[in-house]
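What follows is a short report on a single structure.
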Amino acid sequence: MTTTLGALEERARAHGGEFGQDALIVCDSLVRIYQSEGIEVQALQGLDLLVEQGELVAIVGASGSGKSTLLSVLSGLDAPTAGRVRVGPWDLMAMTPRQRVEYRRSMVGFVWQQTARNLVPYLTSAENVVLPLALAGAPRAQRARRAAELLDVLGVGYCADRRPGEMSGGEQQRVAIAVGLANSPHVLFADEPTGELDTATSHDVLEGLRTANRELGTTVVVVTHDAGVSEHVQRTVAIRDGRTSSEVVRRTHTREDGSEHVVAEEFAVLDRAGRVQLPREYRDALQLVGRVRLALEDSHVSVWPSGRPSAEGRGQEEER
Ligand code: ADP
Ligand code: MG
C-alpha cells in the first residue's frame, strides 16, 4: 500500500491543528511573573511542554529554575500570568473555583517534598489512604480494600497500621504515593518527593512512582533537582531559567544475542518561536557569545562563532 499525497495532507492538517492536541498535558508559552515588594520575578518565561498519556516524565533543573511554579500551575493551585495550559479536557486558564476543586479531586494527585505535608500524623497509613476516598464519597466497603491494595502495590503493605512517626522517610513517601493515587487520578504530580531522602531510599520512592505508572497506568510527572532520576524514567526534561532547555530520552534496545541495553540520547528543545539553548560546554568550547553564524545544510543546521568563519564553513565570507 502506498500513502497518497491526499492522506499525507490530511494527516498534516490533523497534526497541524492545535499545538499538542493529542497530548494529555500541554503547556504552551507559559509565563508566570511573581510581584513581590515591587520586584518582578519571571519564574516561567515562555515554557513549552507536552506530556503524552501514560508517560513517566522527570523534570530536572537547578533550584529557582521554575520547577515548583510549573507544578503549582499544573496542579491547579496557581494560575499562570500568560500562555495556555491544558490537562486532559481541562483548560486550566478558564476554570471556575468550583471546577478547580473538581479538577483537583478527580483528575490529579500530588506528592510533596515535605513528608509532613503528605500524611496526617495521627492517622495510620491505611487511614491516610482511606481519607481521600472518604472525602470523594467512595463506598465504605471499598475503601479499606483499595487502601490495602495500593499499599501492597507500593511495597509498604507492612506499614498499614503504622503512623507516619513510626516509618522511615522513604516508607512515608511511598505511603504518600498511595494517598495520591487513592482516587485513581489520571496524572500524579510529585514535587521533589525524594528531596529529604538519601540515595538508597530515593531509589525506592522513584521505583514506587514507576510502579504507579506501569501497573496502574497513571501518567506521572516528577520534579527533582537530582539528575540521577533519569535512570528511572523514559524521558527527562531539563528546565533552565523558566524554560524547557533539553531532554534526555532513554530507549531499551535488544542486541542480536537477545540481551538488552539502554541507550540514553540527549536532545535540545526547539521552542515554538524557533529558539534553542546551546549547552554551556559547546558555547565555551567555540567561544560562542553574542552573534553567531547559522547555515542551513541538507540535513542539519551549523552554528559558528561570528568572528571566525570556519574552513569547513564552505567559505562563508566569500559567499556573502
Ligand atoms: P524551583 O522549584 O525550580 O526551585 P520555583 O518555581 O520555586 O523554583 O521558583 C522560581 C523562581 O520564582 C525563583 O526565583 C523564586 O524565588 C521565585 N518565586 C517562587 N515563588 C514565589 C513567590 N510566591 N513570590 C515571589 N517569587 C517567587
Ligand atoms: Mg521547588
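None of the figures in this text is laboratory data; all of them are computed from the coordinates on show. Remember, it's a predicted structure, so these values are computed and weren't measured experimentally. Cβ placement follows ideal geometry from the backbone for every residue including glycine, while neighbour counts extend to all protein chains displayed.
When the helices of the chain are scored as -39500 (n - 2.57) per DSSP H run of n ≥ 4 and the total is divided over every residue, the value at 222 nm lands at -9000 deg cm²/dmol. Here the extension length gained between Val276 and Glu215 equals 18.4 nm, from 0.36 nm per residue of separation less the Cα-Cα distance. Between Val263 and Ala295, what is the label-to-label distance in nm when each label sits 7 Å out along the Cα-to-Cβ direction? Going by the 7 Å Cα→Cβ label model, 2.9 nm. If a spin label sat at a point 7 angstrom from the Cα of Arg105 along the line to its beta carbon, the backbone N atoms of the stretch 124-149 nearer than 14 Å would be those of 132-139.
Can you tell me the orientation of helix 5-15 relative to the chain, as the angle in degrees between its alpha-carbon axis and the longest Cα principal axis, to the nearest 10? With both axes taken from Cα atoms, the answer is about 50 degrees. Hydrodynamic radius of the chain by the Kirkwood approach over all distinct alpha-carbon pairs: 22.1 Å.
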